[in-house]
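Remarks on the structure that follows.
The values are calculated or read from the model by the stated rules, or taken from the named source; none is laboratory data. These figures come from a predicted structure and were not determined experimentally. All Cβ positions, glycine included, derive from the backbone under ideal geometry; neighbour counts span all protein chains shown. Only protein heavy atoms, including side chains, enter the accessible area calculation; ligands, DNA and RNA are left aside. Shrake-Rupley method; radii C 1.70, N 1.55, O 1.52, S 1.80 Å.
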Amino acid sequence: MSNTCSQCADAGRIFEHVRTFTEDIGVRLAGSAAEHRAAEYAKTLCESFGAKCSIEEYPVNSQCAENIRLEILMDGEWKQYPTTLFGSAPTTGGKTLEADLVLFDSATGYQADDISFLHDKAVIHLGCHLKNSDCYRRLMEADPKFMLFVDIRYPGILPLADGLFPAQVARYGARPTMNVAYMDALSWISNHATKARLCVGGCIRKSTTPVVIAEFPGDAGDDRVIYAGCHLDTQAATVGATDNAAGCAVVLELARLLSQTSHKATYKLCFFGAEEQLSLGSSSYVRTHREEISKRGVFMLNFDSCGSSIGWNTISTVASFERVEQIRLAYKARKMGLAIEHAAEAFLDSFPFAAAGVPAATLGRDDCTAGQFNHHRADDVIEYIDPTVMAKIVDIAVETLSQISESENEESISEMFHGDVEKLWDEIFGGWK
């Protein structure tokens, strides 16, 4: 599986990195000991490649849920169903909460002037992401007893795992919030289920999440910095082979190859914690280093969910059309296509860099129209990745970053996205506070 050229990405090395993250370390929840072990693994390897490495720690709420039990009253009988607790959501403190079930769809439900009928109910909430903070505020003011969120992107038989937006939780609070499987929710409604009971033990504890920075200095007279990144953490109950052991493995192999090349600009490779809590690690890092990033940063290339063995390669970016075309041609030269999305996408670790004014892009790989078929599920395992494709992505990244390093042209965010970036940064991340 290995390539013979030392200047090319090695698929065998990439596979072993994914194996270490998924099998040796395993589930890597934000703030957990496993997430910190993953950070130390990345730091140790990058130091072996000659990088100057450091780890910065940022506060995070770490999930310690246990003994989760969800029961639905249907046909006069209580039946238990699988469920997962949202990141940043409180537990029930080991107490059993019981409430009447009510269905609420996020697509049209918030058009109503009054949603107080959700008060003290177990709310089956169709749709997991409330980008609009006002909708979340109204939901919290309605004061449901607990919420059962249904991810409508992935109709299936397994509950996914997800997280509430920390900035919204800080502003408006939170209720016990669970993920439930789409087909289970459909069954409850179709069979006129009336009540739900929920018990979640454990707590949300204060912890820290790591950000590993591996620096490869450039020429003394060149103060530009080129960033590359990935995220270390996973959602609950998944080892995250695709999301995002694959991205970590790509950046580790990228570090090995960049250490063998000369370059004008400085490279900073970042392994972010707590991406699954709305890029808490990367946004904290950017807030801390905003002045340097805004002044010296020229590009940020992020890698997330880029390893699926079936599917197509993607880029989500606010970079210039010229830079995106250069990347597309690099894919084409390796006989691969590239699905291009010019958009300010807030749910990626590249986004905070865009908020700081740095052109940014995320390279990924989709395998269904909603993204990845096993997104945030327990079956996101190593059997479904393709290290050969990932090796090509590394080679493309080396070529792209080298061209940016050698270029004298100033990189910039496409003007069409300036307003979108600023609005999303304020609305979802709480701005620069």
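Of Tyr136, Tyr182, the order by accessible heavy-atom surface (1.4 Å probe, DNA, RNA and ligands excluded), from most exposed downward, is Tyr182, Tyr136.
Once all protein chains are placed together, Phe216 keeps about 10 Å² accessible to a 1.4 angstrom probe. Based on the Kirkwood radius over alpha-carbon pairs, what is the Stokes-Einstein translational diffusion coefficient of region 179-276 at 25 °C with 0.890 mPa s viscosity, in µm²/s? Reported coefficient: 141 µm²/s. With coordinates expressed along the principal axes, the C-alpha atoms belonging to the chain extend over 71, 43, 38 Å, beginning with the largest. One decimal place: the segment Ala220-Cys135 gains 25.6 nm when fully extended, by the rule 0.36 nm per residue minus the C-alpha distance. Taking Cα atoms only, the orientation of helix 387-406 departs from the longest principal axis of the chain by about 60 degrees. Computed in the context of the full set of protein chains, the accessible area of region 276-378 at 1.4 Å probe radius has 52% of its extent on carbon or sulfur.
Might you report the magnitude of the Cβ-based charge dipole of region 113-178 about its Cα centre, with Lys and Arg at +1 and Asp and Glu at -1, to the nearest 20 debye? In debye, rounded to 20, region 113-178 gives about 160. Taking all protein chains together and a 1.4 Å probe, the residues Trp188, Trp432 rank Trp432, Trp188 from largest to smallest accessible area. At the residue level, Cys203 shows approximately 70 square angstrom of accessible surface with a 1.4 angstrom probe and all protein chains present. Indicate, rounded to the nearest 5 percent, the antiparallel portion of the DSSP beta bridges found entirely in region 286-433. Of all bridge pairs located within region 286-433, approximately 55 percent are antiparallel.
Heavy-atom accessible surface of the chain, averaged per residue, reaches 39 Å², computed with a 1.4 Å probe. Measuring only protein heavy atoms, the 1.4 Å probe finds Ile72 accessible over about 0 Å².
Can you give the % of DSSP beta bridges in region 223-371 that are antiparallel, to the nearest 5? Counting DSSP beta bridges with both partners in region 223-371, the antiparallel share is about 25 percent. Considering only Trp425, Ser402, Ser414, and ranking their Cα positions along the charge dipole of region 394-433 that arises from unit charges at the beta-carbon of Lys, Arg, Asp and Glu, the one farthest toward the positive end is Trp425. Between Arg171 and Glu406, the FRET efficiency from the beta-carbon distance, with R0 = 30 Å, is close to 0.10. Computed over the alpha carbons of region 243-338, Rg followed by Dmax gives 14.8, 41 Å. Could you give log10 I(q)/I(0) at q = 0.17, 0.25 Å⁻¹ for region 126-176, computed by the Debye formula over C-alpha point scatterers of equal weight, without solvent? Result of the Debye calculation: -0.54, -1.06.
Rg/Rh for region 375-433 stands at 1.16; both radii use Cα atoms, and Rh follows the Kirkwood definition.
Comparing Thr234, Gly218, Leu252 along the charge dipole axis of the chain, the residue lying farthest to the positive side is Thr234, per the Cβ-charge model. In plain terms, the chain from Leu186 to Gln80 could stretch by 36.7 nm, reckoned as 0.36 nm per residue minus the Cα-Cα distance.
Given charges of +1 on the Cβ of Lys and Arg and -1 on the Cβ of Asp and Glu, with all other atoms neutral, how large is the dipole of the chain about its Cα centre, in debye to the nearest 20?
Details: 39 positive and 59 negative charges, 113 e Å.
My answer is approximately 540 debye.
Computed over all pairs of different Cα atoms, the Kirkwood value for the hydrodynamic radius of region 7-156 is 19.3 Å. With a Förster radius of 25 Å applied to the C-beta separation of Glu292 and His418, the computed FRET efficiency comes to 0.75. The share of Cα pairs per 10 Å bin across region 114-239, counted from zero up to the longest distance, runs 10, 32, 30, 14, 9, 5, 1, 0 percent. Taking the alpha-carbon distance from Lys392 and a cut-off under 14 Å, which aspartates and glutamates remain once sequence neighbours fewer than 8 residues away in the same chain are dropped? Counting by Cα, and skipping residues close in sequence, Lys392 has these aspartates and glutamates nearby: Asp10, Glu253. Site pair Lys52 and Asp379 shows an inter-label distance of 4.8 nm when each label is modelled 7 Å from Cα along Cα→Cβ. Semi-axis lengths, largest first, of the ellipsoid equivalent to region 277-433 are 25, 20, 13 Å, with √(5λ) applied to each eigenvalue of the Cα gyration tensor. In the chain, what percentage of the DSSP-assigned beta bridges are antiparallel, given to the nearest 5? Antiparallel bridges: around 55 percent, rounded to the nearest 5. Restriction of the trypsin sites (Lys or Arg not before Pro) in region 1-100 to DSSP coil positions whose beta-carbon has at most 15 other beta-carbons within 10 angstrom yields Lys95.
Under the 0.36 nm per residue contour assumption, what length would be gained going from the current alpha-carbon distance of Ile157 and Arg205 to full extension?
Details: separation 48, 0.36 × 48 = 17.28 nm, distance 3.04 nm.
Gain on extension, Ile157 to Arg205, equals 14.2 nm.
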